[in-house]
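Read through the structure below, which is laid out as structure tokens, and then see the notes.
A short reminder: the numbers here are calculations on the coordinates, not readings from a lab. This is a predicted model, so every value here is computed, not measured. All Cβ positions, even for glycine, are placed from backbone atoms using ideal geometry, and neighbour counts span all protein chains on display.
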Amino acid sequence: MDKLFSVIAILILTLLSGLGDANGFVHAANIWNKGRIVLSELARATIGFTFGIATYMVSIRYFQKFGIVTPEMQTIGWMVITIIGVAVIGGRFTHWQAFDQFLSVAIIIGLCILVIRTNG
């Protein structure tokens with residue numbers, strides 16, 4: 001039962017962490033406008049990153065309880081969610097050509113396989 005709770009916590013916290021950081025990245029791209037700082041975008045980016053890192057740090061507890069102790073394995077889910085989140089939240093992914101969408105998914109899958117195969 002403890003393992004099942006850890007898996008659920010890992011999935012939820014990784015999703016929240018990745019989406020928080022993705023939101024931070026999307027807003028961080030808009031912090032500067034013609035050489036001037038946009039405080040509203042700075043605030044949104046800071047909130048996204050703060051939420052993302054806080055939930056990630058909590059997730060580490062459940063990764064370790066489940067026996068996942070390497071940073072490569074702990075971050076792979078976060079990375080995938082963050083990359084997808086930036087593409088979707090930014091609204092550009094749906095405008096990419098089908099081949100580019102396929103290629104991005106293939107690259108993400110390839111990175112995941114690489115981490116798993118190298119015992120990350």
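What to note about this one:
- Across the stretch 71-92, the number of residues qualifying as assigned to a helix (DSSP H, G or I) and basic (Lys, Arg) comes to 0.
Okay, residues lined up against (1) within 27 Å of Lys3 (Cα to Cα); (2) not aliphatic (A, V, I, L, M):
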site	(1), (2)
Ala22	no, no
Ala28	no, no
Thr46	no, yes
Met57	yes, no
Ile108	yes, no
Ile113	yes, no
Ile116	yes, no
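- Hits in the stretch 89-106 (condition: in contact (Cβ under 8 Å) with a residue 12 or more places away in the chain and out of contact with any helix residue (DSSP H, G or I) (no Cβ under 6 Å at 6 or more places or on another chain)): Ser104
- Candidates are the residues of the stretch 93-120 that are part of a loop (DSSP other than H, G, I, E, B) and surrounded by 11 or more Cβ atoms within 10 Å (Cβ to Cβ); the one that is nearest to the chain's Cα centre (by Cα) is Gly120.
- Residue in the stretch 34-42 that is among the acidic types (Asp, Glu), surrounded by 14 or more Cβ atoms within 10 Å (Cβ to Cβ) and more than 28 Å from Arg117 (Cβ to Cβ) present: yes
- Conditions (1) assigned to a helix (DSSP H, G or I); (2) closer than 26 Å to Phe5 by Cβ; (3) under 18 Å from the mean Cα position of the chain (by Cα); number of the one not met by Ile68: (1)
- Qualifying residue in the stretch 67-85 (condition: surrounded by 14 or more Cβ atoms within 10 Å (Cβ to Cβ) and farther than 23 Å from Thr118 by Cα): yes
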